[in-house]
1. Of everything in region 201-217, what is in contact with a strand residue (DSSP E or B) (Cβ under 8 Å, 6 or more places away or on another chain) and either open to solvent by 80 Å² or more (accessible area, probe 1.4 Å) or not aliphatic (A, V, I, L, M) (or both)? Give them in sequence order.
2. Of the numbered conditions (1) open to solvent by 10 Å² or more (accessible area, probe 1.4 Å); (2) charged (D, E, K, R); (3) out of contact with any Pro (no Cβ under 8 Å at 6 or more places or on another chain), ASP120 fails exactly one; give the number of that condition.
3. Being over 22 Å from HIS153 (Cα atoms), touching a Phe, Trp or Tyr at 6+ places or on another chain (Cβ under 7 Å) and not small (Gly, Ala, Ser) narrows it down to one residue among ASP41, ASP129; which is it?
4. So which strands (runs of 3 or more DSSP E) are wholly in region 92-204 and hold at least 1 residues that are more than 18 Å from the chain's Cα centre (by Cα)?
5. State the number of residues belonging to region 45-92 that are closer than 23 Å to ALA213 by Cβ and modelled with pLDDT under 95.
6. Condition (residue is over 20 Å from THR124 (Cβ atoms), assigned to a loop (DSSP other than H, G, I, E, B) and open to solvent by less than 30 Å² (accessible area, probe 1.4 Å)) applied to region 55-68: is it met by at least one residue?
Amino acid sequence: MRHDGDAVVPPPGLVVDPVTGPPGGERGGAGVVADRFAPGDIVVRREVLRGEVWFGCPTICVEDSPDLLALYLPPGAEFGFPETGVFPCGRHPWETAGHRSWSGHGKLMLQRPGEAHSIDVFWTGPGRDFAGWYFNLQDPVRRTPVGVDTLDHELDLWWAADADRYVWKDVEMFAQRLVEGRYPGMGDAIQAEGDRIAALLDGGERWWDPAWATWQPDPAWTAPPLPAGWDRVPPAR
């Protein structure tokens, strides 16, 4: 689907069912999983916890190449929370906190295939000044007929634009989530990924293009709605 002003537009001549996806799907009726998104396509980024869709938001594709998937979360993008489910760890914390849309400047999410983190780019102030790099630990993204699935891992690193080095974020909250059972059997791997990122940064490695700090969204892009049935598409395996 393409972002065309305020409309969500499927490719010409293609009728898309929100649950089964485009016709001709092969994944047990789950629809066709796109090999590549085109710039401007709407990509629904969902969080899946223990095999259950937990959260979703509409993002806009900036780049989708063999080495990088760049998604833009625009200001005002709505947050979606499924109405029904088991929710063994409770409702999504943004839902319980009353957060219903993304506020402030939009953010850019840079994800390399198979990696358990994204690099999120933030801006601040009336001049949209670069604020810093946010290393967001998460499941490697998996493609679906409507976008991508992942799961935030709570633990993060933040390198502010005016700082000499990064700082760890949400260390105590991550420990609490482990006690709550949100990441069964995953705690050591999540911590190891954070340690790996820290070691790369300490060694002077920069595996992303710093030019993303000055990236500007297409001025025609507005916050798209979540497509109907976004939460009923089966989670990616």
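1. Step one: filter region 201-217 for residues in contact with a strand residue (DSSP E or B) (Cβ under 8 Å, 6 or more places away or on another chain), giving 201, 208, 212-215, 217.
Correct list: TRP208, TRP212, THR214, TRP215, PRO217.
2. (1)
3. On the way: ASP41 fails: touching a Phe, Trp or Tyr at 6+ places or on another chain (Cβ under 7 Å).
That would be ASP129, the only listed residue that is over 22 Å from HIS153 (Cα atoms), touching a Phe, Trp or Tyr at 6+ places or on another chain (Cβ under 7 Å) and not small (Gly, Ala, Ser).
4. Details: elements: 107-111, 117-124, 129-138, 147-150, 152-160, 167-169.
Strands (runs of 3 or more DSSP E) meeting the threshold: 117-124, 129-138, 152-160, 167-169.
5. 0
6. For region 55-68, residues over 20 Å from THR124 (Cβ atoms), assigned to a loop (DSSP other than H, G, I, E, B) and open to solvent by less than 30 Å² (accessible area, probe 1.4 Å): absent.
Let's see how each residue does on (1) touching a Lys or Arg at 6+ places or on another chain (Cβ under 7 Å); (2) of a type outside the set (Phe, Trp, Tyr); (3) modelled with pLDDT of 95 or more:
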{"site": "HIS99", "(1), (2), (3)": "no, yes, no"}
{"site": "LEU108", "(1), (2), (3)": "no, yes, yes"}
{"site": "GLN111", "(1), (2), (3)": "no, yes, yes"}
{"site": "ALA116", "(1), (2), (3)": "no, yes, yes"}
{"site": "VAL121", "(1), (2), (3)": "yes, yes, yes"}
{"site": "THR124", "(1), (2), (3)": "no, yes, yes"}
{"site": "GLY127", "(1), (2), (3)": "no, yes, yes"}
{"site": "ALA131", "(1), (2), (3)": "no, yes, yes"}
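So that you can scan it fast, the table gives a plain yes or no per residue for (1) over 19 Å from PRO58 (Cβ atoms); (2) touching a Ser or Thr at 6+ places or on another chain (Cβ under 6 Å):
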position: GLY85; (1), (2): yes, no
position: CYS89; (1), (2): yes, no
position: ARG100; (1), (2): no, no
position: MET109; (1), (2): no, yes
position: GLU115; (1), (2): yes, no
position: GLY125; (1), (2): yes, no
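The values are calculated or read from the model by the stated rules, or taken from the named source; none is laboratory data. Keep in mind that this is a model prediction, so the values were computed, not measured. For neighbour counting, all protein chains shown are included, and Cβ atoms are generated from backbone atoms with ideal geometry for every residue, glycine included. Please note that ligands, DNA and RNA were not included when accessible areas were found on the heavy atoms of the full protein model with its side chains. Shrake-Rupley method; radii C 1.70, N 1.55, O 1.52, S 1.80 Å.
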